[in-house]
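Q: Please find one structure pasted underneath; my questions will follow.
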Amino acid sequence: MTRLAGIAIALVLLVPASAAAQTELPVGESHGVRLLSRDGGVVLVFTHRADKLFKRIAGKEIDISCTTLDDEAGISSSGGGNVDVPRHRRRFATGDSTRGVDFCRLFLPRRTVKHRTYIEERGRRLLVSIPLTQEGAVYLDEEAKTFAMSFKVGFVLYTVKERLKLSGWPTYEQVIQTYPQMEKVLVKLATPADTPPPKKFGYYSDGKDHEAVVTLSTLGRRLFIETQPDEVLYTNVSKYLFGEID
């Protein structure tokens, strides 16, 4: 179920970041996994913060995909491959190069799992995304916020709409009445042009065909997905909505 099905797209200009926002994001580490460059090769380091993840993949094969961002062409993959994770060594070389790379992702590859009574086919699963440059950190941060708006908040909106058998978008009050816990992260917007506080999602709805979900990136850029009547979508995060995770 996706909130983008059948929607026409109208792209809008990007909104500048807030001058008072944080100026830089951390690079080189994510969720306790560090990615270092040594003699042109990538070295992975699993710190104690990544104990749970390391135990999950120790002795297994993982996929590494590294990406270079291009202002004109969008994103282009710049390398990667399969790596065997040592059973006990938390620091090991991968053989990949980080030159010109903005971020890398670690995946569990597609695999077949045999159970007693059936065989399960599991697709490739993202483990962690690690920014290597400030551009990569911004991209991953905004991508994560976009996915949360579209798939997490969007899923709740669609669920409320179906549960209450509504012909239009649910109001903020209907969302909170159906899922009271959403009040912790979702705030009501008086107009679709309003902006929620940091670390919150804003929601506007006229109860009919006009709704908007808005949030702020960590650096303070306003990110939004707005559906107007006639199913026209206005957004400044289309590259994250329609791009694939490589």
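We did not get these values from a lab; they are worked out from the coordinates using the rules stated. A quick note: this is a predicted structure, and the numbers were derived from the prediction, not measured. Here Cβ is always computed from backbone atoms with ideal geometry, including for glycine, and neighbour counts include all displayed protein chains.
Q: Kindly indicate the residue of segment 206-246 that is in contact (Cβ under 8 Å) with a residue 60 or more places away in the chain and of a type in the set (K, R) and also nearest to L189 (Cα to Cα) among those meeting that condition.
A: R222
Q: If Y203 passes every condition in (1) surrounded by fewer than 19 Cβ atoms within 10 Å (Cβ to Cβ); (2) in contact (Cβ under 8 Å) with a residue 40 or more places away in the chain but one, which one does it miss?
A: (1)
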